[in-house]
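The values are calculated or read from the model by the stated rules, or taken from the named source; none is laboratory data. It should be emphasised that the depicted structure is a prediction, and the values quoted were computed from it without experimental measurement. Virtual Cβ from ideal backbone geometry, glycine too; neighbours counted across all protein chains shown.
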Amino acid sequence: SVTVFISVFYAMYLFIRLSFVARSSVRFVLDPKKSSQDSGNTRRAFSYLITGSTTVVGVYAAKTVVTQFVSSMNIPEGKNMTFKWRGKPLFVRHRTEKEIASEADVNLAKLRDPQHDRDRVQNLTWVIVIGVCTHLGCPVPLNLEVPYYEFPDDDMVIVG
């Protein structure tokens, strides 16, 4: 965010600087002996500056809004939320200590698709799976797919 602030500050500095250059070049355009192509590069640079600074400010504002939105969606312990990810439902469950202990005690020999809980989760308190039904109502042949995800912080997960 500091880099974005510096970028926006520098863009504003260039905008102010080029606006004075553009004003001084207008005098030359009004001279009937001068070509309007002399100020064309300045106008083009000014247009690029406005477009670039608007893009930087827009991306920074969107990032701030998305970060606040996601951080406000705290999933309480024992609850889950469904998100749409790559056109598929993504199930995110915040497990309780009882659920974690229950999953750790499962006998793998009794499972149709034996895979230990430790192999499917990175953080024991969170289960993240893609919720696409592959069995169409019959007994489930395989476990739900676990997408690639990582926890850069304790409060943040990046899927994909």
*What residue, among those in the stretch 93-116 that are among the polar types (S, T, N, Q) and more than 19 Å from residue 146 (Cβ to Cβ), is surrounded by the fewest Cβ atoms within 10 Å (Cβ to Cβ)?*
107
_Test: residue in the stretch 70-91 that is under 22 Å from the mean Cα position of the chain (by Cα), hydrophobic (A, V, I, L, M, F, W, C), modelled with pLDDT under 80 and exposed (fewer than 12 other Cβ atoms within 10 Å of the Cβ)_ = yes
